[in-house]
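**Student:** Here's a structure for you.
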Amino acid sequence: MQYLILAYDAPDALDRRMRVRPTHLENLQPLVEAGRVAIGGVMLAEDGETIRGSMLVVEAEGEDAVRALVDDDVYTKEGVWERVEITPFRRSV
């Protein structure tokens, strides 16, 4: 099943995000190559430039597996993500 992850950054997270971003992307790469991450990227503020969080669509056996993925992410461990929403997702187009 696919899940939509919306992860909202803490207000003071930009420096931490930029510092650990290479590790975040490196850790996701095997999941991308295995087809478990369908899409991911940053959510932007209205100005189209300010990063306010992350969005991913992932394939997982259940919400517990998605929660484990989020909990193990360097963005969670370093306090970049302040709040995370996980929702079952079905692609329509």
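Quick note: the coordinates plus some simple rules give every number you see, no bench work behind them. Predicted model only: the values in this text are computed from it and were never measured.
**Student:** Give the angle, between 0 and 90 degrees and rounded to the nearest 10, that separates the Cα long axis of helix 14-33 from the longest principal axis of the Cα atoms of the chain.
**Tutor:** For 14-33 against the chain, the angle is about 20 degrees.
**Student:** Return the whole-Å distance between the Cα centroid of region 23-47 and the Cα centroid of region 54-72.
**Tutor:** A separation of 12 Å, based on Cα centres.
**Student:** Okay, moving on. With only alpha-carbon pairs counted, each pair once and no self-pairs, how large is the Kirkwood hydrodynamic radius of region 2-89 in angstroms? Please report the intermediate quantities before stating the final value.
**Tutor:** Working: mean 1/r = 0.0763 Å⁻¹.
Roughly 13.1 Å, rounded to one decimal.
**Student:** To continue, here is another question. Which residues' amide hydrogens lie under 5 Å from the amide hydrogen of Gly53, considering only partners 5 or more residues apart or on another chain, with H built in the peptide plane?
**Tutor:** Asp9, Met43
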